[in-house]
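All remarks here apply to the structure that follows.
The values are calculated or read from the model by the stated rules, or taken from the named source; none is laboratory data. These numbers were taken from a predicted model, which means no experiment stands behind them. As a convention, Cβ positions derive from the backbone with ideal geometry for all residues, glycine included, and neighbour counts pool all protein chains shown. Protein only, heavy atoms only, side chains kept; ligands, DNA and RNA dropped before computing areas. Shrake-Rupley method; radii C 1.70, N 1.55, O 1.52, S 1.80 Å.
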Amino acid sequence: MKNVVLFDMDGTLTPARKEMPPEVLDALLLLLQYADVGIVSGSPYEYIKEQCGLLFNGLNEYSLQDLLILPCNGTQKYSYDNNKWKKDSSLDMRQYIGEETYEILMTTLVEKQYLCSLLSKSYGYPMTGHHISYRGSMVNWCPVGRNANHKDRESFTIADQKHSIRQDALKKILTIPELTKILSFSLGGSTSIDIYPHGWDKTYALNHYDNNNLFWFVGDRCLQETGNDKTLYDKLNSVRKNTAFQTNGPSQTIQLIKDIITVIEAQNDE
């Protein structure tokens, strides 16, 4: 029976849209001596590779065999084989929900984006471009835009915390039955909303592992009702108490990794 430790990325292993600190790499290198590791992010593979470059480049070939990259809530799976990363599986959201529902979703997001653009000057955040991102197995809507730099993102985050920009937009979207009957919505990172079919949340990542494994999870949006880590956090803690944890950032994640290793060592000594 293996221990498997799953991690969110933004706000957990890395600061939001920034690179992984070296101290987190050191903690993960130690953890890989005790458990398999999976990175379960709402982000696409390219973002994970960009932000976790230290991890990709800092592991030896043996350790890479114990690492899975699980983008888009785990609805996509990448593993290391024959000296390269390969995509093993991916779901197709557009095909699954149908063209009519997909068109309603896109029209709704464009309308909400227009309203956010009208608020941008009075709320003090910019419009940077690339607001709606279709990622194959999910859609990400970012009111400030994926082209935002760190200063732009910080401006939007401050405005969002003060004026509940995403929450207000989400409340209105959730009144559209054609969407809510098949789609789930959750806050992704600090600037966006993740959209995916029911059941394609982060609990989907567990499908890539043997059910007999002992699972752990660390994420930064576990307790918020619309947080994209909540479903996996709740599921694991309902099976075994104190196996999923909310973190406030990479520094606390390092301490949680140490705590998990301590528990695994105690299990091994029994």
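Name the residue that is most open to solvent (accessible area, probe 1.4 Å), counting only residues in segment 118-132 that are aliphatic (A, V, I, L, M) and outside any loop (DSSP other than H, G, I, E, B).
The first filter runs over segment 118-132 and keeps only residues aliphatic (A, V, I, L, M), leaving 118-119, 127, 132.
Checking the rest, the ones that are also outside any loop (DSSP other than H, G, I, E, B) come to 118-119, 132.
On the way: Leu118: 102, Leu119: 63, Ile132: 52 Å².
Filtering first and then ranking leaves Leu118.
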Qualifying position, being polar (S, T, N, Q) and without any contact (Cβ under 8 Å) to a residue 12 or more places away in the chain, among Thr128, Thr191, Thr157, Thr180: Thr180
Residues (farther than 14 Å from Asp229 by Cβ, assigned to a helix (DSSP H, G or I) and touching a helix residue (DSSP H, G or I) at 6+ places or on another chain (Cβ under 9 Å)) located in segment 239-254: Pro250, Ser251, Ile254
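For (1) without any contact (Cβ under 8 Å) to a residue 40 or more places away in the chain; (2) over 27 Å from Trp200 (Cα atoms); (3) open to solvent by less than 20 Å² (accessible area, probe 1.4 Å); (4) not β-branched (Val, Ile, Thr), each residue gets a yes or a no:
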{"site": "Leu115", "(1), (2), (3), (4)": "no, yes, no, yes"}
{"site": "Tyr134", "(1), (2), (3), (4)": "no, no, no, yes"}
{"site": "Ser137", "(1), (2), (3), (4)": "no, no, yes, yes"}
{"site": "Cys142", "(1), (2), (3), (4)": "no, no, yes, yes"}
{"site": "Lys151", "(1), (2), (3), (4)": "yes, yes, no, yes"}
{"site": "Lys162", "(1), (2), (3), (4)": "yes, yes, no, yes"}
{"site": "Ile165", "(1), (2), (3), (4)": "no, no, yes, no"}
{"site": "Asp168", "(1), (2), (3), (4)": "yes, no, no, yes"}
Entirely in segment 27-105, the strands (runs of 3 or more DSSP E) that have 1 or more residues that are of a type in the set (A, V, I, L, M), in contact with a helix residue (DSSP H, G or I) (Cβ under 6 Å, 6 or more places away or on another chain) and surrounded by fewer than 20 Cβ atoms within 10 Å (Cβ to Cβ): none
Selection within segment 250-270 - touching a residue at least 40 places away in the same chain (Cβ under 8 Å) and buried (at least 16 other Cβ atoms within 10 Å of the Cβ): Pro250, Thr253, Ile254, Ile257, Ile260, Ile261, Ile264
